[in-house]
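**Q** Here's a structure for you.
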Amino acid sequence: MPLLYTIGKLTVGPALRLAFRPTVEGLEHIPKSGGAIFAGNHLSVADELFLGAVVPRHLAFWAKSEYFKGPGVKGAFSRFVLTGLGAIPVERAGGRAALSAFDAAIPALRGGDQVAIYPEGTRSPDGRLYRGRTGAARLAVAAGVPIVPVGMIGTEKVQPIGARVPRPGAGKITVRFGKPLDFTGRPDDRTSLREMTDELMSEIQKLTGQEYVPRYAPKRDEPTPGEAPA
């Protein structure tokens, strides 16, 4: 586990659990060893904080590559933090550049690390669950690891879009983990990836009870860390 992530697990994690007392269900579905992908709905920036606080092992999140390249003291601090947390840089421009994130994630997963992905690609603008992009399924097939469905409930209340930090007392948070989905050996053609992704989104919807929207969520101008490429 990266040093800075370890420090966070010993300090920020307990503080979040004490201040917000999230309900956690399905911890028995988290693999005790080996690589795994955690794929969940995305309601708030706080999703990453609470997911990292309740998952016992290291979780690698995605972060815009720009955060690793900023100039000056601020840029150096950003690089230090993200590298110390074991974040995976992703190019938001798409194409071959974006696929470099998958190239970095595959050996990490095969080596036993865990990666968090939000298949919707962006935070839900209205609390509904939108159609998933196929990146999580593609990564699972390529790395040969299971996907653990995750349902986050209430994070949009404690840290709504625009809020800088989570607010204790603003709402009740529940984190639910579903049974791992094993797509090992499945083909990675477009049709198969779509079928696997739809199966994953169905499991996430069962965990959250959100209304499902069969189209992609509208993209925001400024994506936040944790949002994976399609």
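**Q** Hey, of [x] 73, 39, 33; [y] 62, 42, 27; [z] 42, 39, 37, which did the structure itself give for Cα extents along the principal axes in Å when calculated?
**A** This structure yields the entry labelled [z].
**Q** Using only the C-alpha atoms of region 71-185, find the volume of their convex hull and express it per residue in Å³. Please list the in-between numbers first.
**A** Values: hull volume 17.9 nm³, N = 115.
Spelled out: Cα convex hull of region 71-185, divided by residues, is 156 Å³.
**Q** What does the helix-only formula give at 222 nm for the chain: each DSSP H stretch with n ≥ 4 adding -39500 (n - 2.57), the total divided by the residues, and the result rounded to the nearest 500 deg cm²/dmol? Don't jump to the answer; show the numbers that get you there.
**A** On the way: 8 runs with 88 residues, N = 230.
Helices in the chain give a 222 nm mean residue ellipticity of -11500 deg cm²/dmol.
**Q** With a 10 Å cut-off between alpha carbons and a GNM built on the chain, which of Ser124, Ser44, Ser100 moves the most?
**A** Ser100
**Q** Which of Thr155, Ser202, Ala170 sits closest to the plus end of the dipole of region 148-221, meaning its Cα is farthest towards the positive end, when Lys and Arg get +1 and Asp and Glu get -1 on the C-beta?
**A** Positive-most Cα among the choices belongs to Ala170.
**Q** Here is a further query. For region 138-223, run through the GluC sites (Glu not before Pro) and keep only the ones in DSSP coil with at most 12 other Cβ atoms within 10 Å of their Cβ.
**A** Sites meeting the loop and neighbour criteria: Glu211.
**Q** Right, next: In square angstrom, what is the accessible area per residue of the chain with a 1.4 angstrom probe? Walk me through the intermediate numbers first.
**A** Numbers: 10730 Å² over 230 residues.
Per-residue accessible area for the chain comes out at 47 Å².
**Q** Of Phe77, Ala15, Ile37, whose Cα points farthest to the positive end of the dipole of region 13-80 (charges on the beta-carbon: +1 Lys, Arg; -1 Asp, Glu; origin at the Cα centre)?
**A** Phe77
**Q** When the accessible area of the chain is split by element with a 1.4 Å probe, what percent falls to carbon and sulfur?
**A** 59 percent
**Q** Along Cα→Cβ, 7 Å out, is where each label goes; now give me the distance between the ones at Lys74 and Leu18 in nm to one decimal.
**A** My value for the distance between the label points is 3.2 nm.
**Q** Under 10 Å, Cα contacts only: if you run a Gaussian network model on the chain, which one of Ile37, Ile117, Ile106 comes out with the highest mean-square fluctuation?
**A** Looking only at Ile37, Ile117, Ile106, the largest GNM fluctuation is found for Ile106.
**Q** Can I ask one more? Give me the dipole magnitude in Debye, nearest 20, for the chain about the Cα centre, with unit charges on the beta carbon: positive for Lys and Arg, negative for Asp and Glu.
**A** Charge dipole of the chain: 500 debye, to the nearest 20.
**Q** Are there trypsin sites (Lys or Arg not before Pro) in region 1-110 that DSSP marks as loop and that have at most 10 other Cβ atoms within 10 Å, and which are they?
**A** When the trypsin sites (Lys or Arg not before Pro) of region 1-110 are filtered for loop state and at most 10 Cβ neighbours within 10 Å, Lys32 remain.
**Q** What is the local net charge at Ser33, summed over the other residues whose Cβ is closer than 12 Å to its Cβ (Lys, Arg +1; Asp, Glu -1)?
**A** +1
**Q** Then there's this: For region 43-94, count the residues as N, evaluate 2.2 N^0.38 Å, and divide the Cα radius of gyration by that value, please. Kindly include the intermediate steps, with their values, before the conclusion.
**A** Numbers: Rg = 12.2 Å, N = 52, 2.2 N^0.38 = 9.9 Å.
After normalising by residue count via 2.2 N^0.38 Å, the value is 1.23.
**Q** Please compute the modelled spin-label separation between Arg186 and Glu25, points set 7 Å along Cα→Cβ, answer in nm with one decimal.
**A** In this crude label model, Glu25 to Arg186 measures out at 2.4 nm.
**Q** If you stretched the chain out fully between Ile161 and Glu91, how much longer would it get, using 0.36 nm times the residue separation minus the C-alpha to C-alpha distance?
**A** Once the chain is fully extended between Ile161 and Glu91, it gains 22.9 nm.
**Q** Within 13 Å, Cβ to Cβ, of Pro166, how many net charges do the neighbouring residues add up to if Lys/Arg are +1 and Asp/Glu are -1?
**A** +3
The values are calculated or read from the model by the stated rules, or taken from the named source; none is laboratory data. Just so we're clear, the structure is a prediction, and the values are computed from it rather than from any experiment. FYI the Cβ positions are ideal-geometry reconstructions off the backbone, even for glycines, and counts take in every protein chain you see. SASA here: full protein model, heavy atoms, side chains in, ligands and nucleic acids out. Shrake-Rupley method; radii C 1.70, N 1.55, O 1.52, S 1.80 Å.
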